[in-house]
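Contents: one structure, followed by commentary.
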């Protein structure tokens, strides 16, 4: 009888081609491939894992969750230690535990939160450019916050996904969309030598019951354009109402995005492959 396991993960996605395994030749270049190789080596059996979110190339994770089944019952503390020994330094398994047989990293999730980090500065910080979007032009954060309210609730997000998406339903529900700006001073800056030039850091945090392909980056890109005064906030409303992708902003660059948190309900009470609207739209996202 197989045992079900859950892993909580963090990783720097900069040098990877994303979460999803791309075949044997590129297995070492994906997060899923690295994890499956390490687990299979440690447990001496072929392991396949499922992730809560299929993060794109260059996207990071602070709270990714993965599940897998194994034929043998093992000491989770020992395997956790072995995993972090074999994995590269830009990946870490934070927790490993046995779970209910029905638990699934993707289908049991009731919500996911993505975080986008921006440094709104005059001079880029060489130590943070890998993990935040650098913008020299000042953002109107108040305008962004007002526009963010348009996205909250259940909407058809056709205009905020890419043509690759093959979902039957584009309807998703955003529970929260928060934008927080903080002034950067010398003791907060990653590089104190340039602290006097720094203006503010901006964090955009989106919590939803599911995400379409590139949905988080499309919404973020639109909010940035509004903050820069390049498009009016009313355009976001029109996009939501019409689904017109021709009005869509550019994707926000991948390196500023993090899968921050995945929330689960009780065993057997999570979401299913029928998705949030009862239609056939699974919960996997790829941002």
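The values are calculated or read from the model by the stated rules, or taken from the named source; none is laboratory data. This structure is a prediction, so every number in the text was calculated from the model and none was measured. So basically every Cβ, Gly included, is an ideal-geometry build from the backbone, and we count neighbours across all protein chains shown.
So here's what we get for this one:
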| quantity | calculated |
| --- | --- |
| Verdict on residue 79 being touching a residue at least 24 places away in the same chain (Cβ under 8 Å) and under 21 Å from the mean Cα position of the chain (by Cα) | no |
| Meets criteria (in contact with a strand residue (DSSP E or B) (Cβ under 8 Å, 6 or more places away or on another chain) and either assigned by TED's automatic domain parsing to the domain that holds residue 254 or under 15 Å from residue 8 (Cβ atoms) (or both)) for residue 105 | yes |
| Lone unmet requirement of (1) touching a strand residue (DSSP E or B) at 6+ places or on another chain (Cβ under 9 Å); (2) under 23 Å from residue 254 (Cβ atoms); (3) assigned to a helix (DSSP H, G or I) for residue 39 | (2) |
| One residue from 201, 173, 165 being surrounded by 14 or more Cβ atoms within 10 Å (Cβ to Cβ), at pLDDT below 95 and over 26 Å from residue 122 (Cβ atoms) | 165 |
| The range 119-138: number of residues that are surrounded by 20 or more Cβ atoms within 10 Å (Cβ to Cβ), modelled with pLDDT under 95 and under 23 Å from the mean Cα position of the chain (by Cα) | 2 |
| Condition check for residue 116: assigned by TED's automatic domain parsing to the domain that holds residue 255 and either over 25 Å from residue 177 (Cα atoms) or at pLDDT 95 or above (or both) | yes |
| Test: residue in the range 246-254 that is touching a residue at least 24 places away in the same chain (Cβ under 8 Å), in contact with a helix residue (DSSP H, G or I) (Cβ under 6 Å, 6 or more places away or on another chain) and either in a helix (DSSP H, G or I) or not assigned by TED's automatic domain parsing to the domain that holds residue 171 (or both) | yes |
| Number of positions in the range 1-19 that are buried (at least 16 other Cβ atoms within 10 Å of the Cβ), in contact with a helix residue (DSSP H, G or I) (Cβ under 9 Å, 6 or more places away or on another chain) and over 21 Å from residue 101 (Cα atoms) | 6 |
| Any hit, the range 21-31, residues being under 20 Å from residue 262 (Cβ atoms), over 15 Å from the mean Cα position of the chain (by Cα), in contact (Cβ under 8 Å) with a residue 24 or more places away in the chain and not in a loop (DSSP other than H, G, I, E, B) | no |
